Amino acid sequence: MKRKYHRNNSKSKIWKILKESLKYLSLLILAGFFVGLTAFVYYAKDLPRPEQFEERVFPETTKIYDSSGDHLLYKVHGEHRRTVVPLEEVPEYMKQAVVAAEDSHFYDHMGVDPEGIMRAIWKDIKLGELRYGGSTITQQLIRSTFLTNKKTIKRKVREAILALELDRRHSKEQILEWYLNQVPFGSNAYGVEAASQVYFDKSASDLKLQEAATLAALIKAPSYFSPYGKHKQELLNRKDYILNRMAQEHFITEEQAEKAKEKKLSFADPGQFMKAPHFVMYLLEYYLKPKYGSEYLKNEGLEIYTSLDWDLQEIAQKAVKENTERVEKYDAHNGALVAIKPETGSILAMVGSEDYYNTKQEGMVNVALRPQQPGSAFKPFAYITAFKKGHNPTTTVVDEKTNFGTWGGESFIPQNYDERFRGEVTLKEALAQSINVPSVKVFMYLAGIEDTIKTAHEMGIRSELPAVPSLVLGAGEVKLLNMVSAYSTLANGGVRVPPSPIRKIVNSQGEVIEKNTPGGRRVLTEKVVKMITNVLSNDKVRAPLFGEDSILSFDNHKVAVKTGTTNDYRDAWTVGYADEVAVGVWVGNNDNSPMEKHLGILFSSPMWRTVMDAGLEKFN
């Protein structure tokens, strides 16, 4: 009996101890719960609302295209290059590579991966510092959007809270789409589309398996693994590791992984990507930035469709380059060209110098926008003004040595280019053959200095012009762009349409916020335009100067054209037009040094003819 009592008593004591232990354990768990709840409340205070992520607007890169939209000219970005793309436009390879590399349990956890956290904690304990975080894709997304990269317990708690809430509210596909458009890849590229363009010069939708794995490899340490740095081989090693992980996760086969490892990667040129650079910089500095502001352009993801015709632009660039090589033996080392569509004012081509990147020749200077003396290319404005006042091409003046009085303290006694006088000549002969003395008489006595200046301004010249007799011989300074625009007024039947570099601008929501709707203003009568065009297109009348069937002659098109050479041979011009297109060119030196003494037709007309022929063929 005693033994039985003892056994019962022992059981009672054990049960009592067990109850006491459970009691204290419950209290400990309850205390831990309250401590955890208190920590949760403390760290969660002032947390941003998860729904703010839906309201977040990502800064996007603005893209500048040619008129067709087929040729990307330039990307305008701030600190972040970004183009947001929907998840369906991202290849499966890219999604799988990121999941395999960054969060293999992405589709199974609730925003936080306890197993990953425990592994990270164990590694941190062994190291004695907070280095590993076990962050999921959701946590990385939260961190880059709302928090910092500073490794603290407070940040990790806040990060986990928001990750759990974000995962509860949104699908895995939505979270992955946000992540792929947000994650940094280095070189200021944020999001997979920008990264694909920066590193492989292609859209993300065109990525191959090995390229997708390479981009996924960059995420861990974009600067360290940059393909343009000294750790490129480590990037390639990590790429192969990710391909292995993709095979382990059954995203791809081992055979696919091995084949992808063997594929050679071709990285894009890390230099600045810009086509038609003089035109692009003109567009930015003179049109877009003043109108929209730099920050708006950098962040709003606009799609800008310019007026530029890429086919004609390529022809123009080649023509300027080849012409510059041709005339270098005459001490001429640069050239510029502008082509405009008269009806709309659209700038079809703009080449500001022989080579934008030639620093020795100051290639970045856009001579199309720099005031230069136009020589005899300015004469038509005087004759147009005379025609407006009732004179006509058969009106005569006397070509003889003439003193036009004292100007600037000196007598103005101009000479003709061949230093001879012809006696009585018609206005059409004087203009077509570019005879100086009759042109000064037309300017001063038939047209009037002030009225000619007014005509030039009405037609599109924007420079301040000096009211002196030598102006008709090119003493003032004008911009090539303005000269071509003014001649376009003649091509357009006397209706002035300002030059425009824009076709349309579309915002990131696909809405057209600007469109070129040309509005013209008549500044010349059709009668006056017809008279001046007939003179400038008459090959027979100009034959005494240029010869018959010269480079300025056209068999199947009516093309009006005027050349110009300054007295000191620093500038050579050819400007002309037809109904379809107006083209103007300049040849000279950026340092304004003189060329050899030859007529402007030798320097500038060949490249003008090349582009005029191309424009007539394309737009006729």
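The values are calculated or read from the model by the stated rules, or taken from the named source; none is laboratory data. Bear in mind the structure is a predicted one, so any value in this text is a computation, not a measurement. So basically every Cβ, Gly included, is an ideal-geometry build from the backbone, and we count neighbours across all protein chains shown. Side chains are part of the model used for accessible areas, which takes the heavy atoms of the whole protein and leaves out ligands, DNA and RNA. Shrake-Rupley method; radii C 1.70, N 1.55, O 1.52, S 1.80 Å.
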| query | On full extension of the chain, what length is gained from residue 230 through residue 357, given 0.36 nm per residue of separation minus the C-alpha to C-alpha distance? | reply | 43.0 nm
| field | FRET efficiency, residue 287 to residue 454 (Cβ-Cβ, R0 30 Å, nearest 0.05) | value | 0.70
| All aspartates and glutamates inside 12 Å of residue 360 as judged from Cα atoms, apart from same-chain residues fewer than 8 positions distant | 591
| note | For residue 401, the aspartates and glutamates lying under 14 Å Cα to Cα, once residues fewer than eight places off in the same chain are dropped, come out as 418, 419, 424
| Whole-Hz ³J(HN,Hα) from phi, Karplus 6.51 cos²θ - 1.76 cosθ + 1.60, for the range 358-371, glycine and proline x | 8, 5, 4, 9, 6, x, 6, 5, 8, 5, 5, 10, 9, x
| Neighbourhood net charge (14 Å Cβ-Cβ; Lys/Arg +1, Asp/Glu -1) for residue 503 | -2
| task | Enumerate the aspartates and glutamates that residue 341 could reach by cross-link, defined here as Cα to Cα under 13 Å, with residues fewer than 8 away along the same chain left out. | result | 309, 579, 580
| Short version: ³J(HN,Hα) in whole Hz for each residue of the range 87-95, in order, from phi by Karplus 6.51 cos²θ - 1.76 cosθ + 1.60 (θ = phi - 60°), x for Gly and Pro, what are they? | 4, 5, 8, 9, x, 4, 3, 5, 4
| query | Structure shown: which of 75/230; 318/618; 479/558; 379/441; 379/454; 428/540 lie over 20 Å apart, alpha-carbon to alpha-carbon? | reply | 75/230; 479/558
| query | Given 0.36 nm per residue, what is the gain on full extension from residue 396 to residue 267 after removing their alpha carbon distance, in nm? | reply | 39.6 nm
| field | residue 450 accessible area, assembled protein chains, probe 1.4 Å, Å² | value | 120 Å²
